[in-house]
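Have a look at the structure below before the remarks.
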Amino acid sequence: MSRIGKLPINIPSGVAVTEKDGLVTVKGAKGELLQAVNPDIKVHIKDGVLTVERPTDEIRHRALHGLYRSLINNMIVGVSLGYKKELELVGVGYRASANGQVLELSLGYTHNIYLELPKEITLETKSERNKNPLIILQSYDKQLLGQVCAKIRSFRMPEPYKGKGIKFVGEVIRRKSGKSAAK
């Protein structure tokens, strides 16, 4: 039995979950999300508790069981509480500024990078003296938020020698010693 898939999901007040023809809809205070579910996997909603069931113990069904339970749980948490990610720019002269839904990044290239974010994501930047600039992203869609963070991070990945680049707040970068330590 899937340890993740068999866990029931408690639906908080203020969140409406409906399942019709393999499509799970979750509505909450922050927004509305949809997820198509494989026809083999059954979703049951009863008395404010959602359960996901699979027909057999085949490897494919076990994988889908845990997957859809996690996706639906992320949707419920997203529309009720929301998700927040913070990115930190480490490097001399690295800057970030927000202009509506457009993020402007200065990352040491010959040009600035402009990225227009989807309307589901709220953007905030912080630049304090003697601290690294921060990009704060919030959304109710965990999948979209992670995808946008990965895109922003791909502009300047953290490098292992000096640790310069865009990293998540609290992320530990494995550091390498330079040439002088090899002797």
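The values are calculated or read from the model by the stated rules, or taken from the named source; none is laboratory data. Source: prediction; values computed, not measured. No Cβ is skipped: glycine too gets one built from the backbone with ideal geometry, and neighbour counts run over all protein chains shown. The area values use the complete protein model at the heavy-atom level, side chains included, leaving out ligands, DNA and RNA. Shrake-Rupley method; radii C 1.70, N 1.55, O 1.52, S 1.80 Å.
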Quiz item: Can you run phi through the Karplus equation (6.51, -1.76, 1.60; θ = phi - 60°) for segment 101-107 and list ³J(HN,Hα) in whole Hz, with x for Gly and Pro?
Solution: 9, 9, 9, 10, 10, 10, 10
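Of the cross-linked pairs Lys6/Lys164; Lys46/Lys151; Lys27/Lys131; Lys46/Lys142; Lys27/Lys85, which ones have a Cα-Cα span greater than 31 Å in the structure shown?
Long pairs (Cα-Cα over 31 Å): Lys6/Lys164; Lys46/Lys151; Lys27/Lys131.
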Quiz prompt | segment 1-71, relative contact order in percent, only Cα pairs under 8 angstrom and at least six apart counted | solution = 35 percent
Practice problem: Using 0.36 nm per residue of separation minus the Cα-Cα distance, give me the extension gain between Thr51 and Lys179 in nm, one decimal. | Solution: 40.5 nm
Quiz item: HN-Hα J couplings of segment 136-149 from phi, Karplus 6.51/-1.76/1.60, θ = phi - 60°, integer Hz, Gly and Pro as x?
Solution: 10, 10, 10, 6, 9, 9, 5, 5, 5, 4, x, 5, 5, 4
Practice problem: Report relative contact order for the chain in percent, whole number only (criteria: Cα-Cα under 8 Å, sequence separation at least 6). | Solution: 18 percent
Self-check item: Long-range HN-HN contacts of Tyr140 with modeled amide H, under 5 Å
Solution: Tyr83
Quiz item: Given a cut-off of under 8 Å on Cα pairs at least six residues apart, what relative contact order in percent is computed for segment 15-55?
Solution: 27 percent
Quiz item: Out of residues 5 or more away from Ile173 or on other chains, whose amide H comes under 5 Å of its own, with H placed 1.01 Å from N in the peptide plane?
Solution: none
Quiz prompt | Estimated distance in nm for a label pair at Glu116 and Ala16, the labels positioned 7 Å out from Cα along Cα-to-Cβ | solution = 3.2 nm
Practice problem: Note the full-extension length gain between Lys162 and Ile4 as 0.36 nm times their separation in residues minus their Cα-Cα distance, in nm to one decimal. | Solution: 53.0 nm
Exercise. Starting at the first residue of segment 74-82, write each ³J(HN,Hα) from the Karplus equation 6.51 cos²θ - 1.76 cosθ + 1.60 with θ = phi - 60°, in whole Hz, x for Gly and Pro.
Key: 4, 5, 5, 5, x, 6, 9, 10, x
Quiz item: What accessible area per residue comes out for segment 1-157, rounded to a whole number of Å², with a 1.4 Å probe?
Solution: 60 Å²
Self-check item: Shape box of the chain [Cα atoms, principal axes, largest first, Å]
Solution: 60, 46, 24
Exercise. Using only the Cα atoms of segment 1-54, build the gyration tensor, take square roots of its eigenvalues as a ≥ b ≥ c, and label the shape rounded, prolate or oblate: rounded if a/c is under 1.5, else prolate if a/b is larger than b/c, else oblate.
Key: oblate
Quiz prompt | Helix-only mean residue ellipticity at 222 nm for the chain, each DSSP H run of n ≥ 4 adding -39500 (n - 2.57), per residue, nearest 500 | solution = -6500 deg cm²/dmol
Quiz item: Tell me, in nm to one decimal, what length is gained between Glu104 and Glu86 on full extension, where the rule is 0.36 nm per residue of separation less the Cα-Cα distance?
Solution: 4.9 nm
Quiz item: Roughly speaking, to the nearest percent, how much of the chain's 1.4 Å accessible area is carbon and sulfur?
Solution: 51 percent
